[in-house]
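Report on the following structure.
The values are calculated or read from the model by the stated rules, or taken from the named source; none is laboratory data. Bear in mind that the values here come from a model prediction, so they are computed numbers and not experimental data. Don't worry about glycine lacking a Cβ; one is built from the backbone with ideal geometry, like all the others, and counts go over all protein chains shown.
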Amino acid sequence: MSTPPPPVPSAPIPLGQRMLYMLAFALVFWVLCWVLAIATVLQAILTLLAGRPQPDLVRFGSSLGQYARQIVEFLLFASDALPFPFGGWPS
């Protein structure tokens, strides 16, 4: 069995361009926090009514958390990969 080749690192984004992306993703992160707050309240209400968590909201919350992580890693220079919509949505 052969192992797949390691991914080829992409060229780093120029700092000025990255700063613009960082500003945009900071705004996206702010909106994401509000969406997370609404989803949390909705999940709590639906769990109280149904007696169990809503599976679709659980999956959505999980992917939203992974997306938030991608944004934070990009903002803190831990990653050069651009988050969604420039990269893929976390599964």
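Table for the structure above
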read-out	value
Given (1) exposed (fewer than 12 other Cβ atoms within 10 Å of the Cβ); (2) in contact with a Gly (Cβ under 8 Å, 6 or more places away or on another chain), index of the condition Leu36 fails	(1)
Residue within segment 8-23 that is over 24 Å from Gly87 (Cα atoms) and at pLDDT below 95 present	no
Unique residue being aliphatic (A, V, I, L, M), in contact with a helix residue (DSSP H, G or I) (Cβ under 8 Å, 6 or more places away or on another chain) and farther than 24 Å from Pro14 by Cα when the list is Val35, Val31, Val72, Val41	Val35
Any hit, segment 75-85, residues being closer than 30 Å to Pro12 by Cβ, touching a helix residue (DSSP H, G or I) at 6+ places or on another chain (Cβ under 6 Å) and part of a helix (DSSP H, G or I)	yes
Near pairs, Cβ below 8 angstrom, 6+ apart or cross-chain, from segment 30-59 (free of Cβ contacts under 8 Å to residues at least 24 places away in the same chain) to any residue that is assigned to a helix (DSSP H, G or I) and polar (S, T, N, Q)	Pro53/Gln43; Pro53/Thr47; Gln54/Gln43; Gln54/Thr47; Leu57/Gln43; Val58/Gln43
